[in-house]
Amino acid sequence: MAGTIRKVSAASARAHTRKKTHAVSSFLPRGMIKKLSVVLFIGLVAWSYQAIQPTPPKICGSPDGPPVTSSRIKLKDGRHLAYTENGVPKEKAKYKIVFIHGFNCCKFDVIPISPALLEELGIYLLSFDRAGYGESDPHPKMTEKSTALDIEELADKLELGSKFYIIGFSMGGEIGWTCLKFIPHRLAGAAIVAPVANYWWRGFPSNLSKKAYNQQFLQDKWAIGIAHYAPWLTYWWNTQKLFPGSSVISQRVDGFSAEDLKLLPKFAARGYQVVHSSAQIRQQGEFESIHRDMMVNFGHWDFSPLELDNPFPNNEGSVHLWHGAEDLIVPVILSRYISQKLPWVHYHELPDAGHLFPLADGMSDAIVKALVLGDN
């Protein structure tokens with residue numbers, strides 16, 4: 001007997017197929033899918049955390065670290081500062097000057113004051129590696145105040161006396177403001193040369209700081225913005241390969257002015273002919289040198305240079321601010337504004353100069369003469 005033929009509609013066939021498909025897709029229990037999702041999320045977080053963590057520093061003098069080749073002093077907190085001395089012996093010096101180097105530099109990157117002038121005026125010149133650079137120990141708790149206090153303690157350890165002069169260039173110039181804030185009683189005078197400015201200092205009109213900020217390369221706006229708003233990402237941002245990091249770190253040449261390009265060969269041969277390289281400058285780790293430098297100097301400061309009082313109300317010393325009008329690395333407009341708000345600052349703007357103007361023939365001598373002898 002023939003079997004009964006049952007007709008199945010197309011809709012029923014499709015519904016039947018869907019049920020089977022659903023059954024196959026549910027091969028993994030729903031609970032297992034949730035657990036796998038959590039595991040994947042945790043793995044992603046762990047990978048991200050590892051990606052933003054800097055490699056541990058290699059401390060100079062430690063078993064796996066670079067050797068100590070420079071003179072160093074030990075600070076109260078146990079850190080070491082490396083330094084170098086030039087000019088006349090400090091016991092015979094009429095003027096004692098502490099030089100503060102810039103970003104991605106070291107104690108040998110002193111502006112080229114002529115030996116003849118050092119001898120003529122009786123100048124003792126002290127330069128040191130800022131924390132984390134060269135052979136100075138890193139400072140994991142570094143703030144905008146730290147370097148000024150390091151300078152004071154270094155001066156005491158080397159017996160420079162109750163007062164001394166400072167010259168700070170570029171990022172070192174920015175630190176010059178902190179010396180005027182935290183150790184003004186130790187200063188005989190200060191020269192702040194082509195200083196980096198923190199775009200978030202109190203007292204800058206928002207339209208002015210925005211204008212200065214927008215004069216940078218896009219990659220620098222990002223890098224500096226990260227250092228200010230998300231400092232924990234600074235190391236990752238400047239070492240990852242997806243986007244360009246700081247142009248200064250990568251040494252992008254088109255950020256220099258026409259006058260700077262003429263001076264670049266001198267910059268390459270800087271440091272009293274001492275052979276050194278970026279690898280030696282950052283030898284204890286990029287994070288503890290250049291990246292922490294960015295985090296602190298573009299971070300949230302507890303004071304603003306625009307709020308400073310005159311440290312020399314009786315004209316017993318002077319503060320000189322120098323800037324090139326064609327500086328394409330550090331916008332001059334912020335230095336102009338600071339000089340307007342602080343009338344006790346002697347402002348020197350050089351119309352055709354870029355960021356590297358202290359390397360021009362005779363320029364460093366002029367800066368020193370103005371500092372120790374006065375504008376005349």
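Computed from the coordinates by the stated procedures, all read-outs in this text should not be read as laboratory data. Because the structure is predicted, anything quoted here is derived from the model rather than measured. All Cβ positions, even for glycine, are placed from backbone atoms using ideal geometry, and neighbour counts span all protein chains on display.
Could you tell me, in Å, what Rg and Dmax come out for the Cα atoms of region 222-373?
17.8, 55
Do you know the relative contact order of region 107-254, to the nearest whole percent, from alpha carbon pairs under 8 angstrom that are 6+ apart?
Working: 126 pairs, mean separation 19.3, N = 148.
Relative contact order comes out at 13 percent.
I'd like to compare 60-68, 234-242, 325-333: which one has the highest average count of other Cβ atoms within 10 Å, and what's the full order after that? Provide the component values of the computation, followed by the final result.
On the way: 60-68: 12.6, 234-242: 17.1, 325-333: 20.3.
Highest-to-lowest ranking by the protection proxy: 325-333, 234-242, 60-68.
May I ask you to derive the FRET efficiency for W200 and K163 from their Cβ-Cβ distance with R0 = 30 Å, giving the value to the nearest 0.05? List each step's numbers first, then the result.
Values: r = 32 Å, r/R0 = 1.06.
Using R0 = 30 Å, I get an efficiency of 0.40.
Once the piece of chain linking A269 and F243 is laid out straight, how much longer is it, given 0.36 nm per residue of separation minus the C-alpha distance between them? It would help to have the intermediate numbers written out before the result.
Numbers: separation 26, 0.36 × 26 = 9.36 nm, distance 3.07 nm.
So the chain would gain 6.3 nm between A269 and F243.
For E85 and F303, compute 0.36 nm times the residue count separating them, minus their Cα-Cα distance, and round to one decimal in nm. Don't jump to the answer; show the numbers that get you there.
Numbers: separation 218, 0.36 × 218 = 78.48 nm, distance 3.16 nm.
Contour length minus Cα-Cα distance gives 75.3 nm.
May I ask you to list the aspartates and glutamates whose Cα is less than 17 Å away from that of K211, ignoring any residue fewer than eight positions away on the same chain?
Here the aspartates and glutamates satisfying the reach criterion relative to K211 are D220, E326, D327.
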